[in-house]
Amino acid sequence: MRAIVTVIGKDKSGIIAKVSGMLAENDVNIEDISQTIVQGNFTMIMLCDLTESKLALKDLAALLKAAGEEIGVSIHVQHEDIFSAMHKI
């Protein structure tokens, strides 16, 4: 299964390290990543493969949401199919 992870918040050092580290610790592979900073605001979107992870999608989402609150960013996780359906024109 693949999921989309989005991270949004004020830019600060360590955001990518925290999120990617948590994903690696839970056997989640980052297949594609894009990040940018616009006027001090950090945005990142990742396509992740959860095939090897022992965590359910909802558990990963809760874990990342809590981590985001610790570092002051908003982190959302969605199944790839839901994300794609929501963003189709």
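The values are calculated or read from the model by the stated rules, or taken from the named source; none is laboratory data. Because the structure is predicted, anything quoted here is derived from the model rather than measured. Ideal geometry is used to build each Cβ from the backbone, glycine not excepted, and the neighbour counts take in all protein chains shown. Note: areas computed on protein heavy atoms with side chains; ligands, DNA, RNA excluded. Shrake-Rupley method; radii C 1.70, N 1.55, O 1.52, S 1.80 Å.
Listed values, structure above:
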read-out: Charge dipole magnitude, Cβ of K and R +1, D and E -1 - the chain, Cα centre, debye nearest 20; value: 300 debye
read-out: Which of LYS65, LYS58, LYS12 is most accessible, then next, and so on - probe 1.4 Å; value: LYS58, LYS65, LYS12
read-out: Selected from GLN35, LEU47, ALA24, residue furthest toward positive end of dipole (the chain; charges at beta carbon); value: GLN35
read-out: Residues whose placed amide H lies under 5 Å from that of ASP11, excluding near-sequence neighbours; value: ASN41, PHE42
read-out: Accessible area of the chain divided out per residue, in Å², using a probe of 1.4 angstrom; value: 62 Å²
read-out: Overall form of the chain per C-alpha gyration tensor (a/c, 1.5; a/b vs b/c); value: oblate
read-out: Value at 222 nm in deg cm²/dmol, rounded to 500, when DSSP H runs of n ≥ 4 in the chain each add -39,500 (n - 2.57); value: -11000 deg cm²/dmol
read-out: By accessible area with a 1.4 Å probe, ligands and nucleic acids excluded, highest first: order of MET1, MET46, MET22; value: MET1, MET22, MET46
